[in-house]
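Participant: Have a look at this one.
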Amino acid sequence: MPLASTAAEEDWFKPCAVIPVYNHERTLPAVVAALQAEDLPCVLVDDGSSATAAAVLDRLAEHPAVHLHRHTHNQGKGAAVISGLREAARLGFSHALQVDADGQHELSRVDLFLNRASQAPEAVICGYPQYDDSVPKGRLYGRYLTHVWVWINTLSTSIRDSMCGFRVYPLAPTLALIDSASLGSRMDFDTEILVRLHWRAQPMVWLPTRVHYPADGVSHFRLWRDNLLISGMHARLFGGMLLRAPALLWRRWQG
């Protein structure tokens, strides 16, 4: 029996996977199959995909453990994740494992992430990537700029990687943040939500996870648009950090 199933047997711990989907009809079935092998229910969010991808999603949703939520038009990865987290809570789940639909993440570690979540139910279980040679060098080096800004905006180096979209959220505190703050709706979401959770002293646990970029993979990262969004996010967070600096420094001083 998969370890994820053992953890899920606890009445208080009811995890699922949330997968934002935008035209990933080629890779998504294998991702869903790997999660089903761990007995993990899936919440798929169709973020305005093409008719071809929508048909694949419809077929996958015929399985009783696969739930489908649709956006009528593309709203961005962050908006899709937020919709998925809300749907997961509505369905009665306590935690949600965010998984990308493009097959980059090593899903053999799902059981480890879920078991750590069951052991630390208030914590966000965050993956930090271990790349193989398939990673584009521009993407790899570009991440370091975001790392530096995250360290500045948290006055801490405790966030090891804010851009990896493989993490387990405890739904109650995560949705409480989402309901009280305006978060980025596209590629800026993954970083911003971790910084804002850090500001709220949300516990975080870090686990390594292997990341592979398929040679024929589909990326929806738009260089100019998304870098502008990310730059604007860092500027907003910097202003928020200045307001919170005394509290953040006091927390750091207390250890």
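Participant: What's the total number of residues in the range 53-98 that are in contact with a His (Cβ under 6 Å, 6 or more places away or on another chain) and crowded, with 22+ Cβ neighbours inside 10 Å?
Facilitator: 0
Participant: Test of understanding: among Ala79, Ala30, which residue is in contact with a Phe, Trp or Tyr (Cβ under 9 Å, 6 or more places away or on another chain), farther than 19 Å from Val168 by Cβ and in contact (Cβ under 8 Å) with a residue 40 or more places away in the chain? Even if it seems obvious, please write down each step before you answer.
Facilitator: Details: Ala30 fails: in contact with a Phe, Trp or Tyr (Cβ under 9 Å, 6 or more places away or on another chain).
Just a single option satisfies the conditions, and that option is Ala79.
Participant: So Val43 ticks every box in (1) over 15 Å from Ala80 (Cβ atoms); (2) touching a residue at least 40 places away in the same chain (Cβ under 8 Å) but one. Which box is left unticked?
Facilitator: (1)
Participant: Taking Ala80, is it among the small types (Gly, Ala, Ser) and assigned to a helix (DSSP H, G or I)?
Facilitator: yes
Participant: Quick one: how many residues across the range 165-184 are hydroxyl-bearing (Ser, Thr, Tyr) and under 14 Å from the mean Cα position of the chain (by Cα)?
Facilitator: Result for the range 165-184: 2.
Participant: Related question: State whether one or more residues within the range 87-94 are of a type outside the set (A, V, I, L, M), under 21 Å from Thr174 (Cα atoms), modelled with pLDDT under 95 and not in a helix (DSSP H, G or I).
Facilitator: no
Participant: Let me ask something else about it. Looking at Asp161, Asp100, which is the one that is part of a loop (DSSP other than H, G, I, E, B), within 18 Å of Leu44 (Cβ to Cβ) and acidic (Asp, Glu)?
Facilitator: Asp100
Participant: Scanning the range 9-27 for residues that are under 16 Å from the mean Cα position of the chain (by Cα) and hydrophobic (A, V, I, L, M, F, W, C), which turns out surrounded by the most Cβ atoms within 10 Å (Cβ to Cβ)? Steps first, please.
Facilitator: First, the residues of the range 9-27 that are under 16 Å from the mean Cα position of the chain (by Cα): 15-22.
Checking which are hydrophobic (A, V, I, L, M, F, W, C) leaves us with 16-19, 21.
Values: Cys16: 26, Ala17: 28, Val18: 28, Ile19: 27, Val21: 31.
Across the range 9-27, the extreme among qualifying residues is Val21.
Participant: Out of the residues in the range 185-221 that are under 13 Å from the mean Cα position of the chain (by Cα) and within 19 Å of Asp47 (Cα to Cα), which is modelled with the lowest pLDDT?
Facilitator: Checked the range 185-221; the qualifying residue modelled with the lowest pLDDT is Met187.
Participant: Applying the selection to the range 15-45, what residues are in contact with a helix residue (DSSP H, G or I) (Cβ under 8 Å, 6 or more places away or on another chain), part of a helix (DSSP H, G or I) and over 12 Å from His67 (Cα atoms)?
Facilitator: Leu28, Pro29, Val31, Ala34, Leu35
The values are calculated or read from the model by the stated rules, or taken from the named source; none is laboratory data. Quick caveat, the model's predicted, so the values are computed rather than measured. Positions of Cβ are generated from backbone atoms using ideal geometry, with glycine treated the same way; all protein chains shown enter the neighbour counts.
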